[in-house]
Structure formats: C-alpha cells, structure tokens
Amino acid sequence: MTEQVMAAIDGSRFSEGVCDYAVWASQALETPLTFLHVVDNHSQTTQQHNLSGNLKLGAREKLLKELSDLDEQRAKVSREQGRLMLEAAQARAVEDGVTTSATRQRNGTLVETLVELEDDVRLLVVGKRGEAGHQASGHLGSNLERVVREMHRPILMVPQSFKRPETVMMAFDGSKTARKGIEMLARSPLFQGIACHVVIVGASTAEYNSQLEWALDILRNAGHEAQGVIRAGDVEETLSNYQQEQGIDLLVMGAYGHSRIRHLLVGSTTTAMLRNSKVPVLLLR
C-alpha cells in the first residue's frame with residue numbers, strides 16, 4: 001500500500017487540529033490522506049467485570065451475562081460514533097481542498113494498531129491528548145509516549161487549533177538523528193517556503209559552531225531562509241524561550257538523540273517539552 005499521512009482521531013477536542021494539520025501535510029507532501037479511528041473497549045470491559053467479584057455464583061453469572069450484553073451494546077455505539085467521526089473528518093478535509101481521503105476503523109488498542117499499520121505511514125498526525133484526557137490540561141496523553149517509543153515513523157503531535165506554519169525550529173545537537181533531521185528539513189516539500197531556525201543548547205564551543213554552520217549551509221543551499229543560535233542553559237527552558245521569542249510555529253526534534261535532548265524524549269516519565277509545547281512538535285526517528 002502507498003505510504004500516506006495518517007491522522008488518528010477520536011472524540012477528543014484535539015481531533016479538529018489533527019484533521020487540519022493532516023490536511024496541510026497531505027497537500028504539502030502530495031501524499032494520500034487516511035483518517036484512523038480505533039475502538040478500544042478492553043479497559044472498559046475489564047473495569048465492569050471487576051464489579052461482580054464478591055457476589056454469589058448464580059448472581060455473579062447473571063450479572064456477568066448482563067455486563068457482557070451491555071459491553072456489546074457499548075461496542076456497537078462506539079463503532080457508530082467512530083464512523084460518524086470519520087465521516088465528519090472527511091467532510092472537513094473536503095472543505096480544506098482534499099478531494100479524496102480514506103478512512104479506517106479498527107478494534108484494539110491505538111498503539112498496537114499503529115504499529116501494525118506502520119508500513120503504510122509516511123507521517124502520523126496525533127493530538128496532544130486523547131479522548132480520556134479532556135480535563136488533564138497539564139498532562140500528555142498516555143498513548144502518545146508509547147506511540148513515540150514503538151513507532152519508527154515521523155510523528156506530528158498537534159494542538160487543538162490549526163495555524164499554517166511559517167517558521168520552524170530544529171532542536172539540534174549534532175547527533176546522527178539530528179543531522180538527518182536537518183537534511184529532511186532541507187529537502188522536504190512540507191517545509192517549502194518556511195523560515196528555518198536551528199538552536200543548539202550548550203556552550204559555544206568550536207565543535208558546536210562547526211555543527212551549526214554545517215546545518216545552516218545545508219538549509220541555505222536548499223533555498224531556505226535560515227538562522228541559528230547556540231545558547232547555554234536548561235534544554236527545555238532554552239528551547240521554549242527561543243520558540244516564544246521568535247514566534248516559532250512548529251518545533252522539530254529527534255526522538256532518539258545522544259545528548260541532553262535525548263533525556264527529554266525517552267525518559268521514564270512524560271517529557272516536559274512535549275507536555276508544555278503550545279505549538280506542533282514533529283518527532284523524527
């Protein structure tokens with residue numbers, strides 16, 4: 001199957017942003033667009049079944065049967081809700097100029113489904129939080145960190161509302177992944193006409209200055225307006241401050257680097273950079 005931009009949507013308030021950024025990416029990359037909805041009834045079913053643990057055998061069997069019927073009804077409702085979400089996403093894409101898009105609805109978990117479909121994905125677009133994270137405004141969706149760890153495709157994490165990117169910032173550390181990221185920025189139609197900023201967090205050493213010049217040369221030779229800085233300080237704070245100062249519309253980072261940036265993205269807890277970002281973050285592998 002042809003690689004495509006895949007937009008994972010659910011009932012969360014981030015789904016509109018997912019749709020709009022996926023449309024933008026699909027058009028810029030000239031890549032087919034697919035909307036994906038995953039119906040996951042596992043956690044709900046387990047929770048309901050646990051309610052009957054202390055009942056007598058006969059009553060317990062009756063209740064389990066009733067719960068099983070109820071779960072089946074809920075699954076049907078979830079599938080129908082998903083179908084309507086997918087139809088709405090396609091209609092929104094048409095309004096934005098996409099004449100053809102595909103839909104997929106799967107049963108299972110989001111992470112397992114995305115890993116299964118990975119070979120079909122050129123770019124995955126996901127919201128910062130899922131349907132269960134409506135009230136958790138200060139947290140990152142639990143699925144997103146797992147998706148970042150399991151997937152080997154670029155992942156675009158997006159906020160609730162769309163803003164067409166005019167400036168992009170690459171968090172650069174000289175690692176192999178980061179260098180590949182610069183080369184991707186330079187040649188990708190996704191960033192055509194977009195001003196590029198390269199930020200290195202660390203001391204202004206000869207090595208870092210050489211790395212920065214290399215990155216800027218690659219971008220400028222590809223026709224990009226590019227500028228870069230080296231700043232000492234805490235990685236998250238420094239990147240966040242620069243993003244706000246320059247009005248950056250999109251942040252690009254390597255998901256698995258070999259410097260302090262690495263610890264932001266593959267630590268044992270949800271990363272502060274992803275959690276606090278108010279602009280889209282493109283994670284490269």
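Just so you know, all these numbers are worked out from the coordinates, no wet-lab data involved. For clarity, every value in this text was computed on a predicted model and none was experimentally measured. Cβ: placed from backbone, ideal geometry, glycine included. Neighbour counts: every protein chain shown.
Odds and ends about this structure:
- Burial order of peptide ranges 85-93, 28-36 (average beta-carbon count within 10 Å, highest first): 28-36, 85-93
- Applying the Karplus relation 6.51 cos²θ - 1.76 cosθ + 1.60 with θ = phi - 60° to the stretch 80-97 yields 3J(HN,Hα) values of 5, 4, x, 4, 5, 4, 5, 5, 5, 5, 4, 5, 5, 5, 4, 4, 8, x Hz, where x marks Gly and Pro.
- Once the chain from residue 74 to residue 120 is taken as fully extended at 0.36 nm per residue, the excess over their C-alpha distance is 13.6 nm.
- Computed FRET value (nearest 0.05) for residue 87 with residue 63, which takes r as the C-beta separation and R₀ as 51 Å: 0.90
- A Stokes-Einstein calculation at 4 °C with viscosity 1.567 mPa s, built on the Kirkwood radius of the stretch 152-213 over Cα pairs, returns a diffusion coefficient of 98 µm²/s.
- Computed label-point distance, nm, for sites residue 160 and residue 180 using a 7 Å Cα→Cβ extension: 3.5 nm
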